[in-house]
Amino acid sequence: MWAEGWTSLRDAQEWAVPVLVNADQDVIIAAATAAGKTEAAFLPILTNLLNHNDPPGAVLYISPLKALINDQWDRLSRLCEQLETPVVAWHGDISSSKKHRFLKSSEGVLLITPESLEALFVNRGSSLGGVFQNLRYIVVDELHAFIDSERGKQLQSLMHRVELVAGRRLPRVGLSATLGDMKMASEFLRPGGSDTVTVIESKNSNQTLQVQVRGYIQPPMNERLKKHVELSDDGEHEDEKENEASPDFAIADHIYKVLRGSNNLIFPNSRTQVEWYADQLRRRCEKDGLANEFWPHHGSLSKDLREQAERALKAGNQAASAICTTTLELGIDIGSIKTVVQIGAPPSVASLRQRLGRSGRRPGEKATLRVYCKESPLTDASSLSDQLRQGLVQTIAMVRLLARGWFEPPRAQGIHASTLVQQSLSIIAQCGGASAADLWKVLIAEGAFPNVEKSDFVRLLKSLGEHELIVQDSSGLLLPGTVGERLINHYEFYSAFTSDEEFRLMCDGKALGSVPVSRPLTKDQRIIFGGRRWQVRDVDLQAKVIIVSAARGGAPPQFDGLGAMVHDAVRVEMRAVLADPTPCPFIDSGAQALLDEARKTFASLGLGDRYLIESGGKCYLISWLGDYANDALRLLLNHVGLACNTAGLAIEIDANIDQVNAALNAVGGLDPGDLDSTLADVENMLREKWDWALPESLLMKSFASISLDIETAIVFAHKQADGELQ
């Protein structure tokens, strides 16, 4: 502290000392990015190690990213160099000699990812008792990044297994900048023991937020596609022609004008857009004879190119901006950022908050957010979502919620049966075999999968046997089967998740392109791609192909309905934005004109008082529910015989109001637990890494728990049919 010139501790650092220094309780430290969470945890933790050093103690620090481990290794090494406390980073890029040194003398701080910890269990199961015998703490960095995911379930299971190997309960310490629900976060950190978790929330982040949302009109997709064909025929004046067709050039011009000369983060909503904006902004630097200030950063780039962008931001001696995906959302140290830019509607309020934690870190400096929204011009054929300016209104709603301090709580009810398969195989490998009773006790009765019923677990073991993942010997011991042994011995086994794979869209044997699909797909469902509507004819899960045919209908909405899931509270706030007649203080005149159009539509259709409207021989159901419930509502309406599709905000139904109300009445009487029939038509339930090995009943339960909110959908349908909704 003296060497750093600190004259006082920050609030979280001060409060953390008494609760952490004795290693006797679980703790969550929640504070803004760069608020000193690492020091808040490690000053008392290292004090404990120094005060009780016979035998020397150890700390297990688990991080979601290798890059974050490298970053923290630098930071903790400086903190520990005078304490003679070793700090060991452990991931694929670290030499085996350094790893062996820790295995021989397990003291100090071990920085590791869940995947590398899994590999330790699988490959060194018999020796882990010695490795973890002097463990004092388990520290989880960026806790929010794990909650509600297969990887999070893996982490919960691994923490429990570490304690079993160590032979005692260990204090767990969660560090995070973004947690929407502290009770839920505590339950994630210590399943079944959330009441014993001490929560430290920093109150020091009284940041002033300045926001501007700018609105742009974008030509309809068919005009842009036509313009694209013209450009490919004549590339001579490509920029000038494109300039007429797209507001992206105007956005790039504005970004260049207001951000040049400072450090910033720019978040488009796709890797393609990252590359496009990075190229456009670099070309503007070249045109003005300036050194490049704009660097792309996303997961598909090589490590060298990503680090080039990180070094440029961190150097501090010249201006640098990164055009990036979520890769720069977590706490890698990239220095102080002036402005955070979002192009298109933000994926969530939580991600906005996380990104803004990078900005305004210097005393007296404001956190600055600029958002650029693109909307289509309105015609007689415009979709209801476009008429309600879904992207812009969602952005305004999210900024309003952010300013009120709200952000999405994680969804923690997922069964995550795919990861249960992986953890079962991992324990069998670790122990050289395990009984069904052992697996039940470690993983379900006392472990991370308490929502799995015994009958489903029995079916799961039977299914694993049928897939030759496990075999049972004459004593009843479960061992790896021929397929299981091959998979366990492959390095890909250690990760519990798969990255979102893209499906290829095919029509009449021709490829239309590829798209990541994270929402339920059913046959005859309509989807939007390349500015056109397509009808799903078949889904080949093995080949990752969706066969489609051209579908009739009006102009498709700007939103494709395949992107990030929107929370219920965001949709409720969107309705409030549209019902509010007062001008919005943080949007420009272009965005205000678009919002006025949307409010006019909202009022003329009477959407403040009703959820169902009839137009052009169709019905539109605007539930103002989030996507988990809305997707469930669409599937349930299909199940009771009503053909319908999600079209942005609205569910578009080929029926009249009386038929829709009758169908809603039928949906309101459904049993939420009857998944066999309600999910029978979903084509893409095999979403997670080990889903292929699950019995059908458990696959359906796991899929529904992760991807749908069936109960909310049924309650809405019941209330709408009974006229109870206001």
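Separation of segment 656-711 and segment 284-324 by C-alpha centroid, Å?
45
For the pair Val458/Glu201, report the inter-label distance in nm, with labels modelled 7 Å from Cα in the Cβ direction.
With each label point 7 Å from Cα toward Cβ, the separation is 4.5 nm.
What does the helix-only formula give at 222 nm for the chain: each DSSP H stretch with n ≥ 4 adding -39500 (n - 2.57), the total divided by the residues, and the result rounded to the nearest 500 deg cm²/dmol? Display every interim value, and only then the final one.
On the way: 27 runs with 298 residues, N = 726.
-12500 deg cm²/dmol, from helical runs alone.
List the residues of segment 447-473 whose backbone N lies under 13 Å from a point placed 7 Å from the Cα of Glu163 along the Cα-to-Cβ direction.
Output list for this probe position: 447-449.
Scan segment 34-95 for GluC sites (Glu not before Pro) in coil per DSSP, keeping those whose Cβ has at most 14 other Cβ atoms within 10 Å, and list them by number. Numbers along the way, then the final one.
Values: sites: Glu39, Glu81, Glu84; in loops: Glu81, Glu84.
Loop-located and lightly packed - Glu81, Glu84.
Please work out the FRET efficiency for the pair Ala412 and Ile613, using the Cβ-Cβ distance as r and a Förster radius of 35 Å; give the result to the nearest 0.05.
Numbers: r = 35 Å, r/R0 = 1.01.
Approximately 0.50, to the nearest 0.05.
7 Å from Cα along Cα→Cβ at both Lys544 and Asp473: what's the point-to-point distance in nm?
Roughly 3.9 nm, to one decimal.
List the residues whose amide H sits under 5 Å from the amide H of Glu375, counting only those 5 or more places along or on another chain, with H placed 1.01 Å from N in the peptide plane.
Hits under the 5 Å cutoff: Tyr216, Ile217, Gln218.
Give me the log10 of I(q) over I(0) for segment 14-74 at q = 0.12, 0.13, 0.19, 0.20 Å⁻¹, as the Debye formula computes it from C-alpha points; what are the numbers?
Scattering profile of segment 14-74, log10 relative to I(0): -0.33, -0.39, -0.81, -0.89.
Test of understanding: express the Cα radius of gyration of segment 57-125 as a ratio to 2.2 N^0.38 Å, with N the residue count. Spell out each step's value before the answer.
Details: Rg = 11.5 Å, N = 69, 2.2 N^0.38 = 11.0 Å.
Against the compact-globule rule of thumb, the ratio is 1.04.
By the scheme Lys and Arg +1, Asp and Glu -1, what is the net charge of all other residues having a beta-carbon under 12 Å from that of Asp627?
Values: positive: Arg411, Arg519, Arg571, Arg634; negative: Glu408, Asp568, Asp631, Asp709.
Result for the local shell: 0.
Quote the FRET efficiency, to the nearest 0.05, computed for Ser262 versus Asp596 with a Förster distance R0 of 30 Å and r equal to the Cβ-Cβ distance.
Values: r = 33 Å, r/R0 = 1.10.
That pair, Ser262 with Asp596, gives E of 0.35.
What order do you get for 118-125, 460-467 when each peptide is scored by the mean count of other beta carbon atoms within 10 Å, highest first?
Per-residue Cβ counts within 10 Å, averaged per peptide and sorted highest first, yield 118-125, 460-467.
So what is the relative contact order for the chain, in percent, with contacts set as C-alpha pairs under 8 Å and at least six apart? Numbers along the way, then the final one.
Values: 1275 pairs, mean separation 92.0, N = 726.
Relative contact order comes out at 13 percent.
Give me the one-decimal nm value for the distance between modelled label points at Asn665 and Asn51, 7 Å along each residue's Cα-to-Cβ direction.
7.0
Does the chain come out rounded, prolate or oblate by the C-alpha gyration tensor, with a ≥ b ≥ c the root eigenvalues, rounded set by a/c under 1.5 and, if not, prolate when a/b is larger than b/c and oblate if not? Please report the intermediate quantities before stating the final value.
Numbers: a/c = 1.74, a/b = 1.24, b/c = 1.41.
Here the chain falls in the oblate category.
Between Lys510 and Thr272, what's the calculated FRET efficiency when r is the beta-carbon distance and R0 is 25 Å? Round to 0.05. It would help to have the intermediate numbers written out before the result.
Numbers: r = 20 Å, r/R0 = 0.82.
Efficiency computed from Cβ-Cβ geometry: 0.75.
Taking only the Cα atoms of segment 11-201, how large is their convex hull per residue, in Å³?
Numbers: hull volume 21.5 nm³, N = 191.
Given the Cα convex hull of segment 11-201, per-residue volume reads 113 Å³.
Once amide H atoms are built 1.01 Å from N in the peptide plane, which residues 5 or more positions from Val213, or in another chain, come under 5 Å H to H?
Hits under the 5 Å cutoff: Val371, Ile587, Asp588.
Rule-based calculations on the coordinates, nothing more; no lab input. Not measured: the values here are computed from a predicted model. Note that we place each Cβ from the backbone using ideal geometry, even for glycine, and neighbour counts take in every protein chain shown.
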